[in-house]
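All remarks here apply to the structure that follows.
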Amino acid sequence: MLDTAHAMIRRAGKKMGLDNETIEELIKTNKEHVFQIELDNGQTYDAYRVQHSDKLGPYKGGIRFHPKVNLDEVRALATLMSFKTAAAGLPLGGGKGGIAVDPKKLSSDELEQLSRKYARHLTPHIGPDKDVPAPDVNTNGTIIDWMVDEYEKETGDSSKASFTGKSLANGGSLGRDAATGRGGVIALRQLLAHLDDKNKDITYAVQGFGNVGSFFTTVAAHDHPNWKLVAASDSQSAIYSADGLDANALDAYKTKGGRFSDFKDATQMSNEGLLALDVDVLVLAALGDSINEANYKTIEASIILELANGPVGEEAFDKLSDRGVSIVPDIIANAGGVIVSYLEWVQNKAGEHWSEPEVNKKLEEYMVQASDELYRTAKQEKVSLKEAAFINAIKRLTE
Ligand code: NAD
C-alpha cells in the first residue's frame, strides 16, 4: 500500500511537471512515534502514530487496532490521509495511528488500559491544533472517549476537540456514523451526472457489508431508488438476487449479528463471484488490495467505487483503467468520514452542536465540490480519476 501510494504521488507530480525534490518532499513523513505499551499483566504491544504532513492544518487520521498493524501500513495510511484532506479541500493534514493487537483477545479492562496508555504516551504530540486522531478499524466511540478523558486529565483541555469520532454524549457529531457511506453515494451520483447517466437505472454489488457498506446501501435506497443492489458480501460469503436486495432488511439482519452464509432469502455465491458480477457499479467497502493482479481480469463492472482504502492494487488499476473502467478513487469516494470528523472538530472548537440535517448539508457541499473538481481535472488533464485526485491534492499541498 505504501509503494502504491508513493507511485501515485510520483506519477501525479511528474504529470504536473514538479521536480524530484518537490515530489520527495511530498512523500516524506514529518514525524513517526514508535513505542511499546505494557499492560499491568506484563503483556506488551507495538504502537505507532505517524504524522505525515501538517502543511494544511493539524494532522488528522484514525487509530487502528489490528494484529497486522505495522509501521509501513501506518505510514501509507498517514500519507493517504494528507492527500485525502487536501483533495477534499479541508484545512487539515494527515496522520494515522495503530496498535498491533487483536482487541477481541482482550478483556474490556485491558482494552481500556491499552487505549488510555496509548493516549497518555502521545499526549505531548497531539491536541486540537496539533494532531486530532479518530477511530479506524476495530476502534470506536467508547475507545476514543477513554483517550479523550486521558488527554483531558494530562492537559486540562476540556474542549473535546483533541479527538473526533467521540460518542454523542461526549461531544461527537450527529451524522458521523453514516458519513463515509453517505459521501460515497454523493461521489457516485456526481460521477453518473458527469457521465450524463444521472437518471440511469443502475445495478450494483457491495463487497463488505460493514459500517461503510451498509450505510452506503441504505442511503442509496433512500436517495436513489433506481439504483438496484443485487449482491452483498461479508468476510465469509456473498448473497445475490437479480430482483434486488432490500438494503434496510440486510442492515437489520446484520445489526442482529446475522451472517450472510446463513441468509435464506437470496442466492448464496462466493466472494470472488461477487467481484466478477456483470453489474454497472462495484462498490468496494471491505479491505485493501481486493482487486489485484490475480483477479482483475474477472471484473465486468464499468464503474468501481473505492470506499475502502486502497482496494484496487496498482497494476490492476492500470489494467482496468486501460479497459475504460471508471474508478472513483478512495481519497474522494470515502472522504465523507474525514469531512464529518472535520465538522465535529469545528463544532467542538466553537462549543456548538449541529443538527443532523445541518451536518449532512455541509457534507454534501464538501463532497460535491471535491467530486466536481475531480471530474474537471480528469477532463482537462486527460488523466484517470485517481491521478486527478492526487493532482488536486498536490496543487493544494504545494500552493
Ligand atoms: P467494518 O469492519 O465495519 O466492515 C468491513 C466489512 O467487510 C465487514 O462486513 C467484513 O465482514 C467485510 N469483509 C472483510 N473481509 C472481506 C472479504 N474478503 N470479502 C468481503 N467482505 C469482507 O469496517 P468499515 O468501517 O465499514 O470500513 C470498511 C473499509 O472502509 C476499511 O477499508 C476502512 O479502512 C475504510 N474506511 C472506513 C471509514 C469509516 O468511516 N468507517 C472511512 C474511510 C475508509
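So the values come out like this:
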read-out	value
Binned Cα-Cα distances of the range 14-101, short to long, each 5 Å bin given as a whole percent	3, 15, 22, 19, 16, 11, 7, 4, 2, 1, 0
H353-K395 pseudo-label distance in nm [points 7 Å out on the Cα-to-Cβ vector]	4.0 nm
Inter-label distance, nm, simple model (7 Å from Cα along the C-beta direction), R120/E152	1.8 nm
Where trypsin sites (Lys or Arg not before Pro) fall in DSSP loop in the range 298-399, at most 13 other Cβ within 10 Å	R323, K382
Per residue, the convex hull volume that the Cα atoms of the range 219-343 enclose (Å³)	121 Å³
Antiparallel DSSP beta bridges within the chain, percent to nearest 5	45 percent
Candidate lysines for bridging to K104, where Cα separation is under 20 Å - those fewer than 8 sequence places away on the same chain excluded	K68, K117, K254, K256
Loop-located trypsin sites (Lys or Arg not before Pro) in the range 1-101 whose Cβ has at most 10 other Cβ within 10 Å (DSSP)	K28, K68
Low-density loop positions, trypsin sites (Lys or Arg not before Pro), the range 120-167 - DSSP coil, at most 12 other Cβ in 10 Å	none
Sequence-separation-based contact order of the chain, relative, with Cα cut under 8 Å and 6+ spacing, percent	17 percent
Two-site FRET efficiency, Q36 against E300, from Cβ-Cβ distance with R₀ of 41 Å, rounded to 0.05	0.30
Against the rule of thumb 2.2 N^0.38 Å, how large the Cα Rg of the range 81-228 comes out	1.26
FRET efficiency, 1/(1 + (r/R0)^6) with R0 35 Å, evaluated for S159 and E381 via beta carbons	0.25
Which listed pairs, of K60/K160; K15/K382; K31/K130; K14/K395; K200/K379, have C-alpha distances above 19 Å, in listed order	K200/K379
Projected-area average for the chain over all orientations - Cα convex hull basis, square nanometres	18.7 nm²
Mean Cα-pair separation over length for the range 1-126, i.e. relative contact order, pairs under 8 Å, 6 or more apart, %	25 percent
By average C-beta atoms within 10 angstrom, highest first, the peptides 269-275, 336-342	336-342, 269-275
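Read-outs: derived from the displayed coordinates by stated rules, not from any lab. For clarity, every value in this text was computed on a predicted model and none was experimentally measured. Neighbour counts are summed over all protein chains in view; Cβ atoms, including those assigned to glycine, are modelled from backbone coordinates with ideal geometry.
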